[in-house]
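*Asks:* Just dropping this structure here.
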Amino acid sequence: MIQICFAAYSGDPPKDLAEKSAIVLEKLCKLCNKFTVLVGGYWGLMKHIVDKSLELGLQVVIVAPIEEEETAFPEKAIVFRPGVSYRVRSVYMVRSCNALIALGGESGTIQEIVTAYAEGKPVYVLKSGLSSDRVALFAPYMDSRALAEVKIFEEPEKLAETVAREICTA
């Protein structure tokens, strides 16, 4: 089973970003046979991703940090409570996936992008207007080791098509 991590903003997302996230999921759902969605919580943009994924019939795993273990999670989601902080849960989550899609965020999203790169996982970044857009400065490789490619997208459809081609049919 293919597991795709979604790194996303923990605050209230701009409406257009929530819509673009839905487009990525819908298109990916049509193009990928089956995949599991991994996220680091159920608030902010991550909540939109979880709700849309469940609506589409996708399996969802939420890796909850210890600070948020008592959050009310959807019944249909699998909730993993590793008993670790926000930053450490991000490492667990990213190491468990085949690829990372960053849909916009702040330091947590940036950390997950860097972790995915360091672990050799392909990274797909949707430009969002948030701080995570700054990783475009490091694309296609974050350092001289070229551990994994970091791809930057303006269009959610193009991101989903590329992930489907490179991850779902590889």
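*Asks:* Residue by residue through the stretch 1-60, note down the ones that are part of a loop (DSSP other than H, G, I, E, B), modelled with pLDDT of 95 or more and of a type in the set (A, V, I, L, M).
*Replies:* Correct list: 8, 56, 58.
*Asks:* Taking residue 133 and the conditions (1) buried (at least 20 other Cβ atoms within 10 Å of the Cβ); (2) of a type outside the set (A, V, I, L, M); (3) more than 16 Å from residue 3 (Cα to Cα), which numbered condition does it fall short on, given that it satisfies the others?
*Replies:* (1)
*Asks:* Under 7 Å by Cβ, and 6 or more places apart or on different chains, what pairs join a residue from the stretch 85-96 that is under 11 Å from residue 111 (Cβ atoms) and open to solvent by less than 10 Å² (accessible area, probe 1.4 Å) with one that is modelled with pLDDT of 95 or more and basic (Lys, Arg)?
*Replies:* Pairs that qualify, where the first residue is under 11 Å from residue 111 (Cβ atoms) and open to solvent by less than 10 Å² (accessible area, probe 1.4 Å) and the partner is modelled with pLDDT of 95 or more and basic (Lys, Arg), are 94/121.
*Asks:* Okay, moving on. Please enumerate the residues belonging to the stretch 51-79 that are loosely packed, with under 15 Cβ neighbours inside 10 Å and touching a strand residue (DSSP E or B) at 6+ places or on another chain (Cβ under 6 Å).
*Replies:* Of everything in the stretch 51-79, just one residue is loosely packed, with under 15 Cβ neighbours inside 10 Å and touching a strand residue (DSSP E or B) at 6+ places or on another chain (Cβ under 6 Å), namely 78.
*Asks:* A follow-up question, please. Go through (1) closer than 25 Å to residue 131 by Cβ; (2) free of Cβ contacts under 8 Å to residues at least 60 places away in the same chain; (3) not in a helix (DSSP H, G or I) for residue 82 and report which single condition fails.
*Replies:* (1)
*Asks:* Let me ask something else about it. I'd like the full set of residues that are without any contact (Cβ under 8 Å) to a residue 60 or more places away in the chain and open to solvent by less than 40 Å² (accessible area, probe 1.4 Å), limited to the stretch 35-50. Give the steps one after another, and end with the answer.
*Replies:* Of the stretch 35-50, the ones without any contact (Cβ under 8 Å) to a residue 60 or more places away in the chain are 36-39, 41-44, 46-50.
Listed by number, the residues that qualify are 36, 37, 38, 39, 41, 42, 44, 46, 49, 50.
*Asks:* Can you pull out the residues in the stretch 61-79 that are part of a loop (DSSP other than H, G, I, E, B) and more than 18 Å from residue 94 (Cβ to Cβ)?
*Replies:* Within the stretch 61-79, 69, 70, 71, 72, 73, 74, 75, 76, 77 qualify.
*Asks:* Let me ask something additional. Can you tell me how many residues within the stretch 85-112 are basic (Lys, Arg) and under 16 Å from residue 147 (Cα atoms)?
*Replies:* Residues of the stretch 85-112 that are basic (Lys, Arg), as a first pass: 87, 89, 95.
From what's left, under 16 Å from residue 147 (Cα atoms): 95.
Count: 1.
The values are calculated or read from the model by the stated rules, or taken from the named source; none is laboratory data. Please read all numbers here as calculations on a predicted model, not as lab measurements. Methodologically, a virtual Cβ is constructed for each residue, glycine included, from the backbone with ideal geometry; neighbour enumeration extends over all protein chains shown. For the accessible areas, the whole protein counts, side chains as well, though only heavy atoms, and no ligand, DNA or RNA atoms are used. Shrake-Rupley method; radii C 1.70, N 1.55, O 1.52, S 1.80 Å.
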